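Participant: The structure is given below, and queries will be raised subsequently.
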Amino acid sequence: MNWFSAITVFLTAFLAVFWEAAFNGIRHWIGAQIDLLPAIMVYVALSGSIGMMATFAVLGGLWFDSLSANPLGVTVLPLFFIGLAIYINRDLILRDQTFAQFVLGLAASSLAPVMTLLFLLTTGHEPLFGWGTIWQLIVMTLGGAIATPIFFEFFNFVNRVLGPRTYSETSFRPDREIRRGR
């Protein structure tokens with residue numbers, strides 16, 4: 001991942017966190033807010049380096065926690081663990097397949113809030129937890145799963161249109177004649 005892609009990913013994550021906090025239309029309409037950071041983490045873990053993935057987990061988690069009711073830093077570890085699990089196994093994952101992206105987004109979007117809830121419960125906090133939490137978990141999981149292939153397409157489109165051009169040079173020269181024979 002080049003510097004342009006990294007800037008695009010971090011800017012998108014910042015805007016996604018801001019959008020989640022500032023605009024409550026979807027939250028009031030469906031009763032839950034869709035978390036987009038696990039979907040972007042799937043892209044970063046499959047496309048970036050380990051440093052990029054760790055930086056995204058720290059910055060994205062701190063941005064999310066600073067605009068939510070979570071204690072500062074509680075979202076960093078779930079994002080990091082999800083990214084690390086995907087990063088370790090990324091050679092085995094079909095990253096260009098929409099179904100694989102959907103399934104990874106489904107897993108990441110369901111694990112992130114569950115792990116955050118477990119961290120909150122083990123650190124002595126008392127989060128709001130009830131039957132509505134199951135509905136919110138379903139909405140967050142399906143929303144993140146749908147958003148993951150969309151983010152892949154968006155980042156590929158931005159890199160293709162605005163990113164630096166890559167040219168491949170071959171070792172074959174078209175003006176060279178190869179003589180065969182004895």
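The values are calculated or read from the model by the stated rules, or taken from the named source; none is laboratory data. Only a predicted model underlies this, so the values are computations on that prediction, with no experimental measurement involved. In this analysis, Cβ positions are derived from the backbone assuming ideal geometry, glycine residues included, and neighbour counts consider all displayed protein chains.
Participant: Going by the structure shown, is LEU94 part of a helix (DSSP H, G or I), among the aliphatic types (A, V, I, L, M) and either within 25 Å of TRP3 (Cα to Cα) or in contact with a Gly (Cβ under 9 Å, 6 or more places away or on another chain) (or both)?
Facilitator: Against the criterion (part of a helix (DSSP H, G or I), among the aliphatic types (A, V, I, L, M) and either within 25 Å of TRP3 (Cα to Cα) or in contact with a Gly (Cβ under 9 Å, 6 or more places away or on another chain) (or both)), LEU94 does not qualify.
Participant: Just to be sure I understand the filter: pairs with C-beta atoms under 7 Å, separated by 6 or more residues or on different chains, first member in region 1-26 and assigned to a loop (DSSP other than H, G, I, E, B), second member surrounded by 15 or more Cβ atoms within 10 Å (Cβ to Cβ) and not small (Gly, Ala, Ser). Which pairs pass?
Facilitator: MET1/MET52
Participant: Would you be able to say whether some residue in region 5-28 is surrounded by fewer than 18 Cβ atoms within 10 Å (Cβ to Cβ), among the aliphatic types (A, V, I, L, M) and within 19 Å of LEU142 (Cβ to Cβ)?
Facilitator: Within region 5-28, one or more residues are surrounded by fewer than 18 Cβ atoms within 10 Å (Cβ to Cβ), among the aliphatic types (A, V, I, L, M) and within 19 Å of LEU142 (Cβ to Cβ).
Participant: Kindly list the number of the only condition in (1) more than 13 Å from the chain's Cα centre (by Cα); (2) part of a helix (DSSP H, G or I); (3) closer than 28 Å to GLU126 by Cβ that fails for PRO38.
Facilitator: All conditions pass for PRO38, except number (1).
Participant: Now for a different question. Output the number of the condition that HIS125 fails; it satisfies all remaining conditions of (1) in a helix (DSSP H, G or I); (2) within 17 Å of THR75 (Cβ to Cβ); (3) free of Cβ contacts under 8 Å to residues at least 60 places away in the same chain; (4) out of contact with any Leu (no Cβ under 7 Å at 6 or more places or on another chain).
Facilitator: (1)
Participant: Can you give me the number of residues within region 62-106 that are free of Cβ contacts under 8 Å to residues at least 12 places away in the same chain, of a type in the set (S, T, N, Q) and closer than 19 Å to PRO149 by Cα?
Facilitator: The number of residues fulfilling the criteria is 2.
Participant: Something else now. ASN156 passes all but one of (1) surrounded by fewer than 18 Cβ atoms within 10 Å (Cβ to Cβ); (2) closer than 23 Å to LEU15 by Cβ; (3) in contact (Cβ under 8 Å) with a residue 40 or more places away in the chain; (4) of a type in the set (S, T, N, Q); which number fails?
Facilitator: Among (1) surrounded by fewer than 18 Cβ atoms within 10 Å (Cβ to Cβ); (2) closer than 23 Å to LEU15 by Cβ; (3) in contact (Cβ under 8 Å) with a residue 40 or more places away in the chain; (4) of a type in the set (S, T, N, Q), ASN156 violates only (3).
Participant: Sticking with this structure for a sec: Please determine, by comparing only the residues of region 69-89 that are outside any helix (DSSP H, G or I) and surrounded by 17 or more Cβ atoms within 10 Å (Cβ to Cβ), which one is farthest from the chain's Cα centre (by Cα).
Facilitator: Restricting to residues being outside any helix (DSSP H, G or I) and surrounded by 17 or more Cβ atoms within 10 Å (Cβ to Cβ), the top hit is ASN70.
Participant: Something else about it: Taking the options LEU59, LEU36, name whichever one is hydrophobic (A, V, I, L, M, F, W, C), at pLDDT 90 or above and either over 20 Å from PRO149 (Cβ atoms) or in contact with an Asp or Glu (Cβ under 6 Å, 6 or more places away or on another chain) (or both).
Facilitator: The match here is LEU59.
Participant: If we scan region 47-58, do we find a residue that is under 26 Å from PHE129 (Cβ atoms), of a type outside the set (A, V, I, L, M), in a loop (DSSP other than H, G, I, E, B) and touching a Ser or Thr at 6+ places or on another chain (Cβ under 9 Å)?
Facilitator: Applying the first criterion (under 26 Å from PHE129 (Cβ atoms)) to region 47-58 yields 57.
This time we only want the ones that are of a type outside the set (A, V, I, L, M), so: none.
No.
Participant: Only residues that are among the β-branched types (Val, Ile, Thr) and either within 24 Å of the chain's Cα centre (by Cα) or assigned to a helix (DSSP H, G or I) (or both): list them for region 128-172, please. Step through it out loud before you land on a result.
Facilitator: Quick first cut of region 128-172, residues among the β-branched types (Val, Ile, Thr) only: 133-134, 138-139, 141, 146, 148, 150, 158, 161, 166, 170.
Once the filter is applied, which keeps residues that are among the β-branched types (Val, Ile, Thr) and either within 24 Å of the chain's Cα centre (by Cα) or assigned to a helix (DSSP H, G or I) (or both), region 128-172 yields THR133, ILE134, ILE138, VAL139, THR141, ILE146, THR148, ILE150, VAL158, VAL161.
Participant: Cβ-Cβ below 6 Å, separation at least six or inter-chain, first residue in region 107-120 and assigned to a helix (DSSP H, G or I), second among the hydroxyl-bearing types (Ser, Thr, Tyr): which pairs?
Facilitator: Filtered contacts from region 107-120: SER109/THR141; SER110/THR141; THR116/THR75.
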